[in-house]
Amino acid sequence: MTASRFNASFSNGFARLLVIAGLLVAQAGCATYYSHYAMFPAENSKGEPRTVRLSWDTAEYPGWWVLSDRATPLTLETQCSERVWKLYDDSHAEAGGCGEGIRACGQSGQDQLAQSGQPADAGSLCMSVNSADPEARIADIPGRLELLVACEPVSPVQGEGKEAVSVDYIRASTVPYAVYSRKAPRGSLNARPPKFERSVCEAE
């Protein structure tokens, strides 16, 4: 290979690398990142008043960009409980086969269907968001969402004595909970949801 051909080949390869690097930088730089959360009152399966927290993050791209908006799983936590639920949609590899849209499947031995009392498993739909839309995605959730809960814990407490911990969670209901969420740029002062009030748990 002559020096001129070598230089031309090197220049073309280097130019391609620059284009690829530029695309990767543009892809990362075009997204705007947000944190979302909601805090609302509800009862747990034992009928005790609790605060429930929903939270998730999104990466939003401009309309002209080739990528769709993305989101983390939706996390649901109930005050005074160690049980943490994750709701997924079809964009997540972890999404279970218990239904469509935004959902969380049951865990064998831990959950049961509230209506029938039958054991729930990975094929049982325990929680869903905006269930009327089978193509619902977390990245597209507006400021209002509907949360439907169909399961309850087999036992609201695990362990005995000092080792006992609550695994209770938001009470099942045939009527969806109407939840209003807040949105803030990720990393901003108001991006983090409020912490749970622990004194309620300690009093019990």
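Efficiency by 1/(1 + (r/R0)^6): what FRET value for residue 90 and residue 48, r their Cβ-Cβ distance, R0 = 35 Å, to the nearest 0.05?
Working: r = 35 Å, r/R0 = 0.99.
Result of the calculation: an efficiency of 0.50.
Could you pull out every one of the lysines with an alpha carbon less than 28 Å from that of residue 183, ignoring same-chain neighbours closer than 8 positions?
In chain and number order, the partners are 86, 195.
Among all the aspartates and glutamates, which ones have a C-alpha under 14 Å from residue 162's C-alpha, if same-chain residues fewer than 8 places away are not counted?
202, 204
Quick one: Cα centre-to-centre distance for the stretch 154-204 and the stretch 28-88, in angstrom?
About 13 Å separates the Cα centre of the stretch 154-204 from the one of the stretch 28-88.
Tell me the carbon and sulfur percent of the accessible area for the stretch 74-175, rounded to whole percent, probe radius 1.4 Å.
Percent of accessible area from carbon and sulfur atoms in the stretch 74-175: 45.
If you take the beta carbon distance between residue 68 and residue 174 as r and set R0 to 35 Å, what does 1/(1 + (r/R0)^6) give as a FRET efficiency, to the nearest 0.05?
0.60
The values are calculated or read from the model by the stated rules, or taken from the named source; none is laboratory data. Owing to the predicted nature of the structure, the values given are computational and were not obtained by experimental measurement. Virtual Cβ from ideal backbone geometry, glycine too; neighbours counted across all protein chains shown. Side chains included, ligands, DNA and RNA excluded: accessible areas come from the protein's heavy atoms. Shrake-Rupley method; radii C 1.70, N 1.55, O 1.52, S 1.80 Å.
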